[in-house]
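Participant: A single structure is presented below for examination.
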């Protein structure tokens, strides 16, 4: 593709899968994570997996204003922005503090606001660009035990829709992906913890949770690479007519139509 991409939250899970898929298409990628050692490890791994592709990285915690500025200052011109970084947790609504709400909003929403504000104008000036938001079906059908997470994912859908209107008449597009339950590293850790607490093998607990999702048509967790495939399409010239959209990669979990 001959383009450059920045993927927030990309040292593991969905973000790393997206970075690898883009690198496989010849895109120069910039990885991102909170800790420099994790970023360095991910950069080395991706360079080994996709030889001949330019891979670099930048570290910074999007909950820290100083580190946010350092990340933004480190970024040059970027053709493809993937707003992926995000926190999630299962927590009763009454136990979610104001500090929790602020943290989730800063990392899940304001990271995308700040990155888009930094990089979208350059795309418009150069006449080509792609912005992709990784949202969730939880932003449409908000879980009762993850309300703070669902609200931030709903905000990403609104942000994506609004930013797309700024690209009118250009070759820049802004779209969102509504992902379903995905077996990312974070989810795997959570499932492993639940399995240990209940004295069950991780594979059994994974199957129980997946099959317990009554509306899922695939009846399994999605793989990070499956979301990465759709992201790669949206980042490519093939998606030129797709703009201002929320595309589902949810395994049929949502019953309402977006």
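Just so you know, all these numbers are worked out from the coordinates, no wet-lab data involved. As the structure is a prediction and not an experimental result, all values here were calculated from the model. Don't worry about glycine lacking a Cβ; one is built from the backbone with ideal geometry, like all the others, and counts go over all protein chains shown.
Participant: Work out the FRET efficiency for residue 142 and residue 38 from their Cβ-Cβ distance, taking R0 = 30 Å, and round it to the nearest 0.05. Please list the in-between numbers first.
Facilitator: Numbers: r = 30 Å, r/R0 = 1.00.
For residue 142 and residue 38, the calculated efficiency is 0.50.
Participant: Starting from the eigenvalues of the Cα gyration tensor, five times each then square-rooted, give me the equivalent ellipsoid semi-axes of the chain, largest first, whole Å.
Facilitator: On the way: eigenvalues 158, 84, 73 Å².
Gyration-tensor ellipsoid for the chain: 28, 20, 19 Å.
Participant: Let me ask something else. Over all alpha-carbon pairs of the stretch 22-172, lay out the pair-distance distribution in 5 Å bins, whole %, shortest bin first.
Facilitator: Spelled out bin by bin, the stretch 22-172 gives 2, 9, 16, 18, 19, 17, 12, 6, 2, 0, 0 percent.
Participant: If eta is 1.567 mPa s and T is 4 °C, what Stokes-Einstein diffusion coefficient results for the stretch 1-110, Kirkwood Rh from Cα pairs, in µm²/s?
Facilitator: 89
Participant: If you fit an axis through the alpha-carbon atoms of helix 36-49 and take the longest principal axis of the Cα set of the chain, what angle between them do you get, 0 to 90°, nearest 10?
Facilitator: Once rounded, the angle reads 80 degrees.
Participant: Hey, in the GNM for the chain with a 10 angstrom Cα cutoff, which one of 39, 218, 27 fluctuates hardest?
Facilitator: Ranking 39, 218, 27 by mean-square fluctuation puts 218 first.
Participant: Among the DSSP beta bridges whose two residues both lie in the stretch 112-258, what percent are antiparallel, rounded to the nearest 5?
Facilitator: 0
Participant: Would you mind getting me the FRET efficiency between residue 223 and residue 125? Use the beta-carbon distance for r and R0 = 30 Å, nearest 0.05. List each step's numbers first, then the result.
Facilitator: Numbers: r = 37 Å, r/R0 = 1.22.
That pair, residue 223 with residue 125, gives E of 0.25.
Participant: Roughly what % of Cα-Cα distances in the stretch 108-258 sit above 27 Å, to the whole percent?
Facilitator: Roughly 29 percent, rounded to a whole number.
Participant: Next up: Which percent, to the nearest 5, of DSSP beta bridges fully inside the stretch 1-130 are antiparallel?
Facilitator: Approximately 0 percent, going by the DSSP bridge assignments.
Participant: Then there's this: Over the chain, with a Gaussian network built from C-alpha contacts below 10 Å, which listed residue (68, 178, 85) shows the highest mean-square fluctuation?
Facilitator: Its mean-square fluctuation being the largest, the pick is 68.
Participant: Over the stretch 87-162, what per residue volume does the convex hull of the Cα atoms give, in whole Å³?
Facilitator: Looking at the stretch 87-162, the number lands at 79 Å³ per residue.
Participant: Same structure, new question: Could you give the angle, 0 to 90 degrees to the nearest 10, between helix 202-211's Cα long axis and the longest principal axis of the Cα atoms of the chain?
Facilitator: That helix lies at roughly 90 degrees to the long axis.
Participant: I've got another one for you. For helix 224-234, report the angle its Cα long axis makes with the longest principal axis of the Cα atoms of the chain; keep it between 0 and 90° and round to the nearest 10°.
Facilitator: Long axis of 224-234 versus the principal axis of the chain: about 30 degrees.
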